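A quick write-up on the structure given underneath.
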Amino acid sequence: MSEVLGAVTRFVVEEFLPDVRADELDPDLDLVAAGVLDSLGVLRVLAWLQDTFDVPADDVDPADLRSVRAVAGLAAAPVRAG
């Protein structure tokens, strides 16, 4: 999970917080409440999850994208049989 958490952290920092170092980002920060992600940002994270970790969009609740740790949990979850 730590590799996945690192990948998610790097993505969030590179795409949404270019002035923040990855090690400064609290993995439990509510990215929506903090204004880091808006609705378009949530869609960008979802698209990245699909492209990078093959997470099906149908399996994602937007509430699961509120923190780096939550996104990493989705990315690390085993693929569910459809």
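We did not get these values from a lab; they are worked out from the coordinates using the rules stated. For clarity, every value in this text was computed on a predicted model and none was experimentally measured. All Cβ positions, glycine included, derive from the backbone under ideal geometry; neighbour counts span all protein chains shown.
With respect to Val71, determine if the residue is touching a Phe, Trp or Tyr at 6+ places or on another chain (Cβ under 9 Å) and without any contact (Cβ under 8 Å) to a residue 60 or more places away in the chain.
For Val71, the condition - touching a Phe, Trp or Tyr at 6+ places or on another chain (Cβ under 9 Å) and without any contact (Cβ under 8 Å) to a residue 60 or more places away in the chain - is not met.
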Residues located in the stretch 32-74, provided they are within 17 Å of Ala7 (Cβ to Cβ), outside any loop (DSSP other than H, G, I, E, B) and in contact with a Leu (Cβ under 6 Å, 6 or more places away or on another chain): Val45, Asp64, Val71, Ala72
Is one or more of the residues making up the stretch 15-24 in contact (Cβ under 8 Å) with a residue 24 or more places away in the chain and either within 10 Å of the chain's Cα centre (by Cα) or not in a helix (DSSP H, G or I) (or both)? no
